[in-house]
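Below is one structure, written out as structure tokens; the observations come after it.
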Amino acid sequence: MKRIFTIFMTMVMLLGMTQVAMAAEKNPDAFQAAVDVLKSDQKVEETEALPKVDPTEYIPVLMYHHFAVRDMGFGDGITTMQSELEEQIRYFKEQGYTIISMEELDQILTKKEQEKDTDGDIGLDMKVKYLCITMDDGYYSNYDLAYPVFQKYNVPATIFVVTDYITNQIGLKKFTWSNASEMINNSKVGIYNHTSNHVPAGKTTTEEFVAAALAGEEALEANLPTRRTSVRALAYPNGQNTPELQQALLDEGFSLLFTIDPGVINRSTSRGAIPRIMVSSGMTGADIVARIEQTAARTMGS
Ligand SMILES: [Zn+2]
């Protein structure tokens, strides 16, 4: 039985990789996102009987990419339908999750850092179930399809944009600075930094990466005058980072730095490498909560 399950999971993974390769071929711009999917889907292992971790002890950060109006057929792994997003948000609310912004996340972590850990465990001991929603790259569908849902349910969400891509409309259609302003002014959507050029850490020096991060920060300030935030949050392109880069960015005042490694925020999470949980095509709210719980058990369970 175990063997059959392993074979089944291998087939699922191979199928996933073929789809991702096909999607990437059709659209090179989707490749980065496709790599993310592969990376997180490869972590799907046999379901171990890990003890459930109390959801008030950690904060999951979800990562979305594209949205679409209707089912694209077989599913490309990274596109969420608008109706699915709506069902998911409604489910998170029903399940008692408080969805939080970057400012709120920063405040919660600061408070926890100031409090002494009395019980010595790695939990955050917050009494509340928090959840963060993030999207990478600034695709037009974030504005066109996801923003109306966030607005309708009045929930915060964070979009990490590549500032040069917004200014020059590079690659797959991105929303404009004017769209971004509209989201900031009329909803709890926040616009944050995915560097100015999307050059991953593995393809540049620490100095050049920090310069691109600071250029991204400047572009956000210049193009979004109504944006009021004291928090410097950034998602690493392709998730790539090094301990040296983490420190260099923390030294520049960045306080929330996101990877694409699966995991949840707990007391031992570094602000320089915050893990995220991938939302794949076709997931229901219940599927996502199951993935969150499984990831928490792996991250924190002993
Ligand atoms: Zn990206």
Residue under evaluation Asp164, criteria (1) within 24 Å of Thr98 (Cα to Cα); (2) touching a Ser or Thr at 6+ places or on another chain (Cβ under 8 Å); (3) surrounded by fewer than 19 Cβ atoms within 10 Å (Cβ to Cβ), criterion not met: (1)
Odd one out for Thr195 among (1) on the phi < 0 side of the Ramachandran plot; (2) in contact with a Gly (Cβ under 7 Å, 6 or more places away or on another chain); (3) not aromatic (Phe, Trp, Tyr): (1)
Residue within segment 203-215 that is touching a Pro at 6+ places or on another chain (Cβ under 9 Å), within 15 Å of the ligand (Cβ to nearest atom) and part of a loop (DSSP other than H, G, I, E, B) present: no
Close pairs (7 angstrom Cβ cut-off, 6 or more residues apart or separate chains): more than 12 Å from Lys152 (Cβ to Cβ) in segment 82-95, modelled with pLDDT of 95 or more and among the aliphatic types (A, V, I, L, M) anywhere: Gln88/Ile288; Tyr91/Ala286; Phe92/Ile99; Phe92/Leu131; Gln95/Val289
Options Glu217, Glu208: the member that is acidic (Asp, Glu) and within 23 Å of Ser181 (Cα to Cα): Glu217
Which listed residue is surrounded by fewer than 17 Cβ atoms within 10 Å (Cβ to Cβ) and out of contact with any helix residue (DSSP H, G or I) (no Cβ under 9 Å at 6 or more places or on another chain), from Ala297, Ala286, Ala290, Ala235: Ala290
Cross-chain or 6+ apart pairs with Cβ under 8 Å, segment 109-137 first and at positive phi, then at pLDDT below 85 and away from the ligand (no atom under 16 Å from the Cβ): Asp125/Asp119
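The values are calculated or read from the model by the stated rules, or taken from the named source; none is laboratory data. The structure presented is a predicted model; accordingly, all values stated were derived computationally and were not measured. Note that we place each Cβ from the backbone using ideal geometry, even for glycine, and neighbour counts take in every protein chain shown.
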